[in-house]
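Just below is one structure, and these are the notes that go with it.
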Amino acid sequence: MKQVNQKLGELAFIDPLTGVRNRRSFDETMESEWAIACAMEVELSLLYLDIDFFKRFNDTYGHQLGDECLRSIAGELVGGDRGSENCVARYGGEEFVVLLPAMSAESAQATAGRIAAAISGLKILHKESPFGIVTASCGIATVRPTAGGSPRELIRGADDALYAAKRKGRARIEKIVVLSAYLTRVL
Ligand code: GH3
Ligand code: MG
Ligand code: MG
């Protein structure tokens, strides 16, 4: 019974399709990493990835291949060189987040570049995309957390950067540094 309960507890934090963390788990990790970064006085970076033209992919190849694509991409996210899969989560349908504790904006950009290259490297055919293969857009936000601040700032920053990446044509990475609770600067 104890083991069953433990298993159920673990499952509540896992996305069943891809096996990475779910949003609930990410939100908890984010709270604790925020507190740690505050105490250690280090930066915290977040990548927010969204697959490009994924509705067209589903429409063209079917939902099942769409699901397979999501699994492959999740595999690249946890298979990278960041040494931990603790901070990779599926945030929504075709959206993933990667939390990078104690990581500067420059290092986060390098990590995002490697992830984007790994996704393109899968060479998943997408004939309805202008890129011909499945790609992702990525927003990066970096903050030096303060006790009075909120993880929401970081998520909003990464989401804003992602929106900019989409607007500028997709399959690209954009970066924002969150300066304080209410002030952001687009790099
Ligand atoms: P953009 O480049 O602007 O991101 O365009 P998009 O088509 O990727 O974005 P949009 O938000 O219009 O469509 C997202 C699609 O993701 C729609 C939905 O069918 C698909 N999707 C969401 N969750 C799942 C899932 O669990 N499995 C599959 N196969 N598809 C999913
Ligand atoms: Mg989306
Ligand atoms: Mg999309």
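Within the stretch 36-55, the set of residues being free of Cβ contacts under 8 Å to residues at least 24 places away in the same chain and more than 16 Å from ligand 1 (Cβ to nearest atom) comprises Ala39 only. When the stretch 23-55 is limited to residues that are of a type outside the set (A, V, I, L, M, F, W, C), open to solvent by less than 60 Å² (accessible area, probe 1.4 Å) and within 16 Å of ligand 2 (Cβ to nearest atom), the one that is nearest to Thr111 (Cα to Cα) turns out to be Tyr48.
Does Val186 satisfy the criteria of being surrounded by fewer than 21 Cβ atoms within 10 Å (Cβ to Cβ), at pLDDT below 90 and touching a Leu at 6+ places or on another chain (Cβ under 8 Å)? Taking the combined requirement at face value, the residue does not satisfy it. A count restricted to the stretch 118-141 and to residues that are open to solvent by less than 60 Å² (accessible area, probe 1.4 Å) and either under 19 Å from the mean Cα position of the chain (by Cα) or closer than 23 Å to Asp159 by Cβ (or both) stands at 14. Pairs are defined by a Cβ separation below 8 Å, a sequence spacing of at least 6 or placement on different chains, a first member in the stretch 12-34 that is within 28 Å of Gln64 (Cα to Cα), and a second member that is in a loop (DSSP other than H, G, I, E, B) and of a type in the set (Phe, Trp, Tyr); the pairs so defined are Arg21/Phe13; Asn22/Phe13; Arg24/Phe13; Ser25/Phe13. Before we move on, is Glu94 open to solvent by 10 Å² or more (accessible area, probe 1.4 Å), within 23 Å of Glu28 (Cβ to Cβ) and within 16 Å of ligand 3 (Cβ to nearest atom)? Judged against the criteria, Glu94 is a match.
The selection criterion, being more than 15 Å from ligand 3 (Cβ to nearest atom), at negative phi and more than 19 Å from the chain's Cα centre (by Cα), holds for Val42.
Would you check if Val88 is away from ligand 2 (no atom under 16 Å from the Cβ) and within 24 Å of Ala35 (Cα to Cα)? So Val88 fits the description; yes.
Would the stretch 56-75 turn up any residue that is within 16 Å of ligand 3 (Cβ to nearest atom), surrounded by 14 or more Cβ atoms within 10 Å (Cβ to Cβ) and under 12 Å from the mean Cα position of the chain (by Cα)? The answer is yes, given that some residue of the stretch 56-75 is within 16 Å of ligand 3 (Cβ to nearest atom), surrounded by 14 or more Cβ atoms within 10 Å (Cβ to Cβ) and under 12 Å from the mean Cα position of the chain (by Cα). As a summary of the residue check, Gly9 satisfies the conditions (1) touching a helix residue (DSSP H, G or I) at 6+ places or on another chain (Cβ under 7 Å); (2) away from ligand 1 (no atom under 16 Å from the Cβ) except for the one numbered (1).
The values are calculated or read from the model by the stated rules, or taken from the named source; none is laboratory data. All values reported here derive from a predicted model rather than from experimental measurement. We place every Cβ from the backbone using ideal geometry, glycine too, and count neighbours over all the protein chains shown. Remember, those area values only see protein heavy atoms, side chains included, never the ligands or the DNA or RNA. Shrake-Rupley method; radii C 1.70, N 1.55, O 1.52, S 1.80 Å.
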